[in-house]
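Laboratory data are not the source of any read-out in this text; all were calculated from the coordinates shown. A quick note: this is a predicted structure, and the numbers were derived from the prediction, not measured. Here the Cβ positions follow ideal geometry from the backbone for every residue, glycine too, while neighbour counts run over all protein chains shown.
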Amino acid sequence: MKILMTTSEAVPFAKTGGLADAVSALSLSLAALGHDVRIVMPRYYPIDRAKLELIEGPLGVPVGWGEEWAAIYRTTLPVPAGTEHEVPVYMVDHENFFGRDGIYGIPSEPDFADNPRRFSFFSRSVFQLCRKLGWYPDIFHAHDWPTALVPVFLKHGERTGPFGKSSSVFTIHNIGYQGVYAKEFFPYTKLDWDLFRSAGFEDWDRMNLLKAGLVCADKLTTVSPTYAEETKTSAYGFRLDGVLRAREGDYAGILNGVDFDLWNPSTDTYIPVCYDRNDLSGKAIAKSALQKEFGLPVDPDVPVIGMVTRLTEQKGVGELFGPSYGSAWSICQDMALQFAILGSGERWCENELRSLSARLPNFRATIGYSERLSHMIEAGSDFFLMPSRYEPCGLNQMYSLAYGTPPIVRRTGGLADTVENYVQETGEGTGFMFDELTPRSIYDTVGWAVWAYYNKREDVEAMRIRGMELDFTWETSARRYLALYEKLAR
Ligand code: ADP
């Protein structure tokens, strides 16, 4: 099949979140299964043009009251040595829209004022690019609000001539971000005003790009089955639950995979000694290295709780680090355990983590972003804590399962789909789960894991192995997407 991924991010070129990993990994897996997969994304300023190949001729893109001109560059996704297939990446270059730092914004302007123009332009350029290449995809696969207009344009205007048989799939990676702008931007799309309502843009008299994508795409997906169910409820749908309920029959959850080339304890170069499920001795060494690195007392017998996270509301940090009884402060005082945390994000939370690190002997946090420390924590911790408010898929719990570090998670989204709760009577399970997001539930569930560590050690060791045996590969996810594409093509 011919599949075009239309995206604002793809590793290794531009990344702000999991979307970038997912798009590239999915594309490579689809290509490995023998399909013609290509990616189109903007050429942001930091992407060096000298390393790209210029495709000749400027591309006219109809937007606003006329046309904007783009240059098109081409490169390919990096692949492991010996790989036969390739994934071409086209980059749409436009100095005024993308010749600046930041993908969606910069710290002083987190959401660029002209984002609706930038991404209208980009979404329209996708069709012009296909015409230029004479390559017409069976499937346009769009991701999140920045490319939500691709399925809208396909349905309203573009599905003619060589695009007559093209279909669209639209994937929600996080419904919390919707691209809502003043409706004065709407004419820039060149769509008829009739469509402002009928194509789903209208949102309390503003223009909601994600909502239009959800209304217009042929099929909708999100990144885990449980998140698909949750987003149809008012508690998780960020006001779009009604739209998703109306499209229930076309909406499914497909779990993301994990890049086991990068996240594999038997080949990891960031940890002192590699290990696998037949011999976990390297994990004990990783634990003492982690304790040393974080300035915690080096003690093999005390359980270490690890976290690697953005410090935002979504991740449950308000409950974990807030002032109520049951928060990290009381956990650390009441229980014989250690905390090793890596994260960055909201200022109050960073300050609170610094303060806890200074006041508690068994709590250490590093504020910042570090690939190396994130691997150290996954490997060296006994348990990995993710008390998320919502979690579309979540990667860290899958990493920790692979590293023999049972996750302690709230039963939501992808966490509910990847972790199996411990059953004390039988010893079954791969982690520890709770339902209510309250400091008390976190306290109790961490307490439960710590209790198991001291009193049911053989169960915990068996859980480690069971987690390491799980296999969340991208190939599995790619096959599910393919089934969906094929259904559409038929
Ligand atoms: P989200 O995409 O919502 O932040 P995920 O669990 O899906 O959550 O993915 C987060 C990814 O970002 C993981 O690979 C995680 O290790 C990484 N990450 C988050 N914060 C940091 C940090 N401070 N340092 C290193 N890696 C981080």
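Neighbour counting of Cβ atoms within 10 Å sorts the residues Thr76, Thr226, Thr147, Thr312, fewest neighbours leading, into Thr76, Thr312, Thr226, Thr147. Less than 19 Å from a label point 7 Å out along the Cα-to-Cβ axis of Asp435: which backbone N atoms in the range 373-394 qualify, by residue? In the range 373-394, the label zone of Asp435 (backbone N under 19 Å from the point 7 Å along Cα→Cβ) covers 387-391. With 0.36 nm allotted per residue and the present C-alpha distance subtracted, the Glu371-Leu470 stretch has 33.3 nm of extension available.
Kirkwood analysis of the Cα pair distances in the range 10-103 returns a hydrodynamic radius of 14.4 Å. With θ taken as phi - 60° and the Karplus curve 6.51 cos²θ - 1.76 cosθ + 1.60 applied, the whole-hertz 3J(HN,Hα) list for the range 223-236 is 8, 7, x, 5, 5, 4, 5, 4, 5, 8, 10, 5, 5, 10 Hz, x standing for glycine and proline. Grouping the Cα pair distances of the chain into 20 Å bins from zero gives a pair-distance distribution of 23, 52, 23, 1 percent in increasing distance order.
Within the set Lys183/Lys219; Lys165/Lys190; Lys51/Lys155; Lys15/Lys155; Lys15/Lys232; Lys132/Lys190, which residue pairs have Cα atoms separated by over 32 Å? Going by Cα-Cα distance, Lys51/Lys155 fall outside the 32 Å limit. Neighbour counts of other Cβ atoms within 10 Å put Cys393, Cys332 in the fewest-to-most order Cys332, Cys393. Relative to the dominant Cα principal axis of the chain, helix 347-359 is inclined by about 20°.
Placing a label point 7 Å from the Cα of Arg490 along the Cα-to-Cβ direction, the residues of the range 240-275 with a backbone N closer than 18 Å are 249-252.
Can you give the net charge of the other residues whose Cβ lies under 10 Å from the Cβ of Leu19, counting K and R as +1 and D and E as -1? Value of the local net charge: -2. The alpha carbon gyration tensor of the range 322-396 gives principal lengths a ≥ b ≥ c with a/c below 1.5, which makes the shape rounded.
Which net charge results for the neighbourhood of Pro46, defined as the other residues with beta-carbon distances under 15 angstrom from its beta-carbon, given Lys and Arg at +1 and Asp and Glu at -1? Within the 15 Å Cβ shell, the charges total 0. For the range 130-147, 3J(HN,Hα) computed residue by residue from phi via the Karplus equation (6.51, -1.76, 1.60; θ = phi - 60°) reads 4, 4, 4, 7, x, 10, 10, x, 6, 10, 9, 10, 9, 9, 6, 4, x, 10 Hz, glycine and proline entered as x. Enclosing the Cα atoms of the range 330-441 in their convex hull gives a volume equal to 123 cubic angstrom per residue. Normalised by 2.2 N^0.38 Å, where N counts its residues, the alpha-carbon radius of gyration of the range 415-490 equals 1.53. Label 7 Å along Cα→Cβ of Trp451; the range 296-319 residues with amide nitrogen under 17 Å? Hits in the range 296-319 for Trp451 at 17 Å: 303. Close amide H pairs (under 5 Å, H built 1.01 Å from N) link His143 with Thr6, Thr171, residues at least 5 positions away or on another chain.
Distances between every pair of Cα atoms in the range 281-468, grouped in 5 Å steps from 0 to the bin holding the largest one, split as 1, 9, 18, 24, 23, 16, 7, 1, 0 percent. If R0 is 35 Å, what FRET efficiency do you get for Glu184 and Thr76 from their C-beta distance, rounded to 0.05? My answer for the efficiency is 0.35. Between Lys15 and Gln424, the distance separating the two model label sites (each 7 Å from Cα on the Cα→Cβ line) works out to 4.0 nm. May I ask what percent, to the nearest 5, of DSSP beta bridges between residues of the chain are antiparallel? Here the share of antiparallel DSSP bridges comes out near 30 percent. Dividing the helix sum by the residues of the chain, where each DSSP H run of 4 or more adds -39500 (n - 2.57), gives a mean residue ellipticity at 222 nm of -10500 deg cm²/dmol. Residue by residue, the range 364-370 carries 3J(HN,Hα) couplings of 9, 10, 10, 8, x, 10, 8 Hz when phi is fed to the Karplus relation 6.51 cos²θ - 1.76 cosθ + 1.60 (θ = phi - 60°); x denotes Gly or Pro.
The distance between label points at Leu133 and Lys292 comes to 5.0 nm (points 7 Å beyond Cα on the Cα→Cβ vector). By the beta-carbon count within 10 Å of each Cβ, the least crowded to most crowded order of Tyr270, Tyr403, fewest first, is Tyr270, Tyr403.
Length gained on full extension, Leu33 to Asn351, computed as 0.36 nm times the residue gap minus the Cα-Cα distance: 109.7 nm.
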